[in-house]
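Everything on this sheet refers to the single structure shown next.
The numbers here are math on the coordinates, done by the rules we state, and not lab data. It should be emphasised that the depicted structure is a prediction, and the values quoted were computed from it without experimental measurement. Cβ atoms come from the backbone with ideal geometry, glycine included; neighbour counts cover every protein chain shown.
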Amino acid sequence: MNYRQGQNLLSQRRKKRALPAAVLLLFLAAAAGAAFPHLTARRMAAAPPTGVRADAISVLTGGENRIAAGFRAWKEGKGKDLYILGARGGTRIEKILPGRQEISAEDLRSLHVEGWSENTLENAYSAKGVAGDRNFRKVILVTSDYHVPRAHFALRAVLPPEVEIFVISVRSDWRDRNALPKTLRHFFVEGWKYWGYRLFLWTV
């Protein structure tokens, strides 16, 4: 083997070693970018303090157990009115509440279903319209834990700064090993959707 052949062989070996390292760095960067919104959301998206009653509880549909969690919070007196945002148009409140229980006429006046919004940003603008019309000062957002960063950011971006936003986060079931890949994918995708929302709302 001459000198040039030896150099070519050494160069090929370096390239083979560099490729896995580059892939690993890319993976770590993608994971860090997705994780950052979830880590900061824990500090910014506070749970409602004990004894505080919000003007409204806004449930963003689309995730398991969100409506049940919002309804439970409303029954516990954490909010005056319950708004279920992004339900199918024309859906009756009795059809989507846990157990499809009978709702009294008095309670029905505090329960509201909105069916036109189809994504998180539209949910936020729907909540903004109600908050402005009724002069809300405190709102509780109910959504899945993986959805909190993007949903809280969207709501904070469109609501007036004087409106306080608290969060009830519906926990994913980390004990279900079969669902673990799906849960991790939710967190990863939502982390990067958060950055997409930041970019979009920064440009409008």
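Numbers at a glance
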quantity: Projected area averaged over orientations for the chain, convex hull of C-alpha atoms, nm²; calculated: 16.9 nm²
quantity: Packing-based exposure ordering (other Cβ within 10 Å, fewest first) of Trp202, Trp195, Trp116; calculated: Trp202, Trp116, Trp195
quantity: Spatially near lysine pairs across the chain, Cα under 19 Å, sequence gap of 8 or more or different chains; calculated: 7
quantity: Rg and Dmax of the range 110-204, Cα atoms only, in Å; calculated: 14.7, 45
quantity: The chain: DSSP helices with Cα axial extent of at least 30 Å and average Kyte-Doolittle hydropathy no lower than -1.0; calculated: 3-44, 180-203
quantity: Burial order of peptide ranges 168-176, 143-151 (average beta-carbon count within 10 Å, highest first); calculated: 143-151, 168-176
